[in-house]
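Everything below concerns the one structure shown next.
Throughout, read-outs are computed from the coordinates displayed, never taken from laboratory work. Since the structure is predicted, the reported quantities are computational estimates derived from the model, not experimental observations. Positions of Cβ are backbone-derived with ideal geometry, glycine not excepted, and every protein chain shown enters the neighbour counts.
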Amino acid sequence: MDYEAEIRGIGISWCESGMATPVVLLTAEDRYVPIFISPDQAQSIQFELQGERSERPLTHDLLLEMLTELGGAIDKVIVDDLSKGTFYAKIYLQRYVDGEPNTFTFDARPSDAIAMAIRAECPILLSESVIDSAGQSIGDFILQEFGSTGWE
């Protein structure tokens with residue numbers, strides 16, 4: 001089963017080595033799922049969340065414009081797997097040919113899938129197995145990130 005997710009924001013997680021890593025925080029079924037992403041992906045997602053536009057199209061903007069011009073539309077994206085600490089996602093595209101819908105599925109990095117979904121205004125889904133494997137309560141998430149919930 002897949003659950004619709006909401007983007008709670010883009011943040012920074014500090015590794016034990018002291019390095020900052022961008023993270024997109026999704027929520028579904030009262031669970032928080034942090035997905036670590038690259039700085040450029042974080043910027044692309046953050047720009048779209050804030051409604052900012054760059055002077056020239058970013059890669060996700062260009063790709064979505066090309067898909068739309070060719071008669072396609074992104075139906076949904078699903079973060080559907082987590083293996084050895086790496087998340088996997090799929091982008092579902094629909095395109096009508098001779099009045100008949102054709103669905104295409106593309107393997108994608110979750111950060112790309114999320115960036116595309118925001119722009120296409122389509123659902124972002126999390127599979128039940130991803131929520132079970134990586135989902136945390138808000139208290140556990142705060143404790144992991146900050147070492148204290150602040151409620152003690």
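Okay, here's what the table says:
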read-out: Neighbour-count order for V23, V130, fewest beta carbons within 10 angstrom listed first; value: V23, V130
read-out: Ellipticity estimate at 222 nm from DSSP helix runs (n ≥ 4, -39,500 (n - 2.57)) divided over the chain, nearest 500; value: -9500 deg cm²/dmol
read-out: Two-site FRET efficiency, D81 against A20, from Cβ-Cβ distance with R₀ of 35 Å, rounded to 0.05; value: 0.85
read-out: Debye, to nearest 20: dipole size of segment 19-137, +1 on Lys, Arg Cβ, -1 on Asp, Glu Cβ; value: 260
read-out: Cβ crowding within 10 Å averaged over residues, with 30-39, 49-58, 83-92 ranked highest first; value: 30-39, 83-92, 49-58
read-out: Packing rank of 40-48, 70-78, where each peptide gets the mean count of other beta carbons within 10 Å, highest leading; value: 40-48, 70-78
read-out: Among I138, P123, I10 - extreme Cα towards positive end, dipole of the chain, charges at beta-carbon; value: I10
read-out: Rounded to 10°, Cα long-axis angle of helix 39-49 versus longest principal axis of the chain; value: 70
read-out: Value of relative contact order over the chain, rounded to a whole percent, pairs C-alpha under 8 Å and six or more apart; value: 26
read-out: Calculated Cα Rg over 2.2 N^0.38 Å (choose from (1) 1.69; (2) 0.98; (3) 1.12), label; value: (3)
